[in-house]
1. What order, most packed first, do the peptides 30-36, 204-210 have when packing is the mean number of other Cβ atoms within 10 Å of each residue?
2. Measuring from label point to label point, each 7 Å out along Cα→Cβ, what is the residue 174 to residue 22 span in nm?
3. Taking only the alpha-carbon atoms of region 89-179, what semi-axes of the equivalent ellipsoid follow from 5 times the gyration tensor eigenvalues under a square root, in whole Å, largest first?
4. Can you give me the accessible area per residue for region 114-236, using a 1.4 Å probe, in Å²?
5. How would 191, 89 line up by accessible area, probe 1.4 Å, largest first?
6. Could you give the length gained on full extension between residue 129 and residue 255, defined as 0.36 nm per residue of separation minus the Cα-Cα distance, in nm?
7. Treating only the Cα positions of region 140-233 as identical point scatterers, give the base-10 log of I(q)/I(0) from the Debye formula at each q in 0.16, 0.20, 0.22 Å⁻¹.
8. Would you compute, from DSSP H runs of 4+ residues alone, the mean residue ellipticity of the chain at 222 nm, taking -39500 (n - 2.57) per run and dividing by the full residue count, rounded to the nearest 500?
Amino acid sequence: MLIVGERINTSRKGIADLVARRDAEGVVREAVRQHQAGADYIDVNAGTLLSDEPRALRWLVTTIQEALKVPLCVDSANPEALAAALDVHQGKALLNSITAERERFRAVLPLVKRHQCGVVALCMDDSGMPSSAEEAVEKGSQLIESLLEAEVPPQDIYVDPLVRPVGVEPRAGLMVVEAIRILREKYPRVHIICGLSNISFGLPRRRLLNQAFLVATMTAGLDAVILDPLDRRLMALLRAAEAVLGRDEYCARYLQAYREGKLAEG
C-alpha cells in the first residue's frame, strides 16, 4: 500500500500560518513526523493561498526536499502552481491531479509527460462528479484510456473514484468500494487511490469512520491512499489488513511495525 501523508495543506490553520511565515523548521518537522509514521509520499497543498499559491508550493517542495529525501505529492487544481512545484522537485513526483475535463486535461497532461511523474486521475469530466459506481467507472475509464493513449505508463496512473461524505450521501462508501472493485478488474496495472478522510466529513468521531472505510476499500483493491499517518490506530489497521489480505508476504511489514511499537490497539 502506497501511503500519502495529507497533513501539509494550508486548509489547516496551523499549516497556513507556517507557510505564510515561510517557517521552514515547522514545515520540515511536520513532514518528518509523517515520514517516520509510514508515509511514502508527503502531500503538499497551498490551494487556499490563491495568488501566492505557485510561490508557496514551490517553496514547500524545495524546503522539504532540502531536509528530507522523500518524494512529494504535488497537490493543486492550478496548472501554474503545479508547474512551479514540479520544476524544483527532485525524483519522481506524484501530481494531484488531472481530470477528464477538457481544459484541465489539456493543461495538465504536458506536465505529466515533461516530468514523467505519477498522476492522480480523478473520475470527473465536464459533466461533474459521478453519482454512482457505474458512472465513476465510466468517467475513470475514459480518463485512463486518454492517458494510456498519450503514452502515460499504466503504473504511473492513480485513478481516484472520488469519495463523498457518507453523512451527505448514505451510499457514498458503497459506491466507492464497488467502483474500486470494477476498476481493479478492468485495469489491473493501474493504481487506485482515494482521499480517505472525505468519507467522514461533517460527522463526529471521524477517525472511526476513516478506519472502517480504509479496510473496506482495501478488500476491494485499493492500493494507494491519502491519509493522516499520525493516526496510529489507522496505520495499525492498514498493516493488519495488508497481512490478512495476502498483500504482505510472510507478514513482514506487520512484524516490523510490531517491533517498532507501531501496532496501536487503542
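The values are calculated or read from the model by the stated rules, or taken from the named source; none is laboratory data. Because the structure is a prediction, the values reported are computed rather than measured. Methodologically, a virtual Cβ is constructed for each residue, glycine included, from the backbone with ideal geometry; neighbour enumeration extends over all protein chains shown. We work out accessible area using only protein heavy atoms, side chains counted, and drop any ligands, DNA or RNA first. Shrake-Rupley method; radii C 1.70, N 1.55, O 1.52, S 1.80 Å.
1. On the way: 30-36: 18.7, 204-210: 14.1.
Those peptides, ordered most packed to least, come out 30-36, 204-210.
2. Result for the modelled spin labels: 5.3 nm.
3. Numbers: eigenvalues 124, 36, 25 Å².
With the √(5λ) rule applied to region 89-179, the semi-axes are 25, 13, 11 Å.
4. Numbers: 5480 Å² over 123 residues.
It amounts to 45 Å² per residue over region 114-236.
5. Details: 191 50, 89 20 Å².
The residues order as 191, 89, largest area first.
6. Values: separation 126, 0.36 × 126 = 45.36 nm, distance 3.99 nm.
Result for the pair: 41.4 nm of gain on full extension.
7. After summing over all Cα pairs, the log10 values are -0.65, -0.92, -1.06.
8. Values: 10 runs with 127 residues, N = 266.
Per the formula, -15000 deg cm²/dmol.
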